[in-house]
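Novice: Handing you a structure now.
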Amino acid sequence: MWLADIKYDWRGAVMPLEAGSRYALFHCCCDFPTLKPADKEPLRKQWENAREGLRRKFADIYGEWPKSGNTHWPGHHMRDLWHGGNPTDLGNVMPAQPDIHGVYNEEYPRCYEGSAPWNSVGVDLPYSD
């Protein structure tokens, strides 16, 4: 499942260099076992306690964490907490538009249970330049 494709451009501060790359965020909904609610709750607390620091770390690399008005977008865990995902790993969390985050949360259960359309092979790349 392709979640996002971040285009990352930069300019050198000392030398007149420019470059760019893409960072594809994807997730395979495999057969990770689900956690018991009591085991998931500490992960949720970890995320809540680390959220602001993770947004600052994200900003150092990619720029400010996106907002809608004065409200930060939610962070989406690609390997979700219910399936044992790391709550504070920047490589496991990405900003998601609030309405799109709801779609992710609807589709993830379908992906984990192997339902269509997640039970078939998709395209090699989600974009073309």
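Taken together, the values in this text are just the output of simple stated rules run on the coordinates, not laboratory data. Everything numeric here is computed off the predicted structure, so don't read it as measured data. We place every Cβ from the backbone using ideal geometry, glycine too, and count neighbours over all the protein chains shown.
Novice: Multiply the residue separation of residue 86 and residue 48 by 0.36 nm, subtract the distance between their alpha-carbon atoms, and state the gained length in nm to one decimal.
Specialist: 12.4 nm
Novice: How high is the FRET efficiency from residue 100 to residue 36, r the C-beta distance, R0 25 Å, rounded to 0.05?
Specialist: The computed FRET efficiency comes out at 0.30.
Novice: Also: Taking K and R as +1 and D and E as -1, what net charge do the other residues with C-beta under 15 Å from the C-beta of residue 37 add up to?
Specialist: Summing Lys/Arg as +1 and Asp/Glu as -1 gives +1.
Novice: Please turn the phi angles of region 83-100 into ³J(HN,Hα) values with the Karplus equation 6.51 cos²θ - 1.76 cosθ + 1.60 (θ = phi - 60°), one per residue in order, whole Hz, x for glycine and proline.
Specialist: 9, x, x, 6, x, 10, 7, 4, x, 10, 10, 9, x, 9, 3, x, 5, 6
Novice: A further question on this structure: Take residue 110 and residue 57, extend 7 Å from each Cα along the Cα→Cβ direction, and tell me the distance between the two endpoints in nm.
Specialist: With each label placed 7 Å out from Cα toward Cβ, I get 3.2 nm.
Novice: Starting from the amide H of residue 76, placed 1.01 Å from N in the peptide plane, find each other amide H under 5 Å away whose residue is 5 or more places distant or on another chain.
Specialist: 94, 96
Novice: Using the per-residue mean of other Cβ atoms lying within 10 Å as a proxy for protection, in what order, highest first, do the peptides 57-65, 71-79, 91-99 fall?
Specialist: Averaged packing, sorted descending, gives the order 71-79, 91-99, 57-65.
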